[in-house]
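Working notes for the structure below.
The values are calculated or read from the model by the stated rules, or taken from the named source; none is laboratory data. Quick caveat: nothing in here was measured; it's all calculated off a predicted structure. Every residue, glycine among them, receives a Cβ derived from its backbone with ideal geometry; neighbour counts consider all protein chains shown. Only protein heavy atoms, including side chains, enter the accessible area calculation; ligands, DNA and RNA are left aside. Shrake-Rupley method; radii C 1.70, N 1.55, O 1.52, S 1.80 Å.
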Amino acid sequence: VQLQAYGGGLVQAGGYLRLSCVTSGGTFSRYRMGWFRQAPGKEREFVAAIQRSSETTYYADSVKGRFTISRDNAKNTVYLEMNSVKPEDTAVYYCAASSRILISIDRSGYDYWGHGTHVTVSS
């Protein structure tokens with residue numbers, strides 16, 4: 001399974017950005033999908049996750065109410081809408097796919113990773 005994330009860039013604080021992650025080489029609807037991020041000098045951390053048919057979503061406390069994860073199984077794509085962004089949201093954002101039974105907020109729960117897309121929020 002290959003994952004390609006895109007949509008990152010430079011945005012002002014308070015602004016909006018939408019990240020997309022397109023998958024190929026597998027049956028997208030079978031995977032639980034997640035977004036993680038890694039800021040300079042920090043560990044990679046969980047941002048959001050979504051169940052296979054979008055029935056349940058999970059968010060890190062730091063983004064709850066501002067970010068929205070969604071997916072389009074027909075397009076093999078998962079999205080991360082980022083509203084009211086803050087400078088502390090600056091990071092490389094990674095999408096990941098999990099074939100496990102239970103959805104996870106931990107990196108170890110994901111089997112496939114894409115290359116990251118950079119998000120920089122200016123103050």
Test: residue in region 87-110 that is more than 17 Å from Glu43 (Cα to Cα), touching a Ser or Thr at 6+ places or on another chain (Cβ under 9 Å) and open to solvent by 60 Å² or more (accessible area, probe 1.4 Å): no
Residues within region 65-110 that are acidic (Asp, Glu) and at pLDDT below 95, tallied: 1
Residues that are outside any strand (DSSP E or B) and surrounded by fewer than 16 Cβ atoms within 10 Å (Cβ to Cβ), drawn from region 8-33: Ala13, Gly14, Gly15, Tyr16, Gly25, Thr27, Ser29, Arg30
Search result, residues across region 34-45 that are open to solvent by less than 50 Å² (accessible area, probe 1.4 Å) and either without any contact (Cβ under 8 Å) to a residue 12 or more places away in the chain or within 13 Å of the chain's Cα centre (by Cα) (or both): Gly34, Trp35, Phe36, Arg37
Per-region count, region 34-50, residues touching a Phe, Trp or Tyr at 6+ places or on another chain (Cβ under 9 Å) and part of a loop (DSSP other than H, G, I, E, B): 1
Residue match in region 62-70 (condition: under 14 Å from Arg18 (Cβ atoms) and surrounded by fewer than 16 Cβ atoms within 10 Å (Cβ to Cβ)): yes
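A quick yes/no check of all residues on (1) within 18 Å of Gln2 (Cβ to Cβ); (2) of a type in the set (Val, Ile, Thr); (3) free of Cβ contacts under 8 Å to residues at least 12 places away in the same chain:
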site	(1), (2), (3)
Val47	no, yes, no
Tyr94	yes, no, no
Ser104	no, no, no
His115	yes, no, no
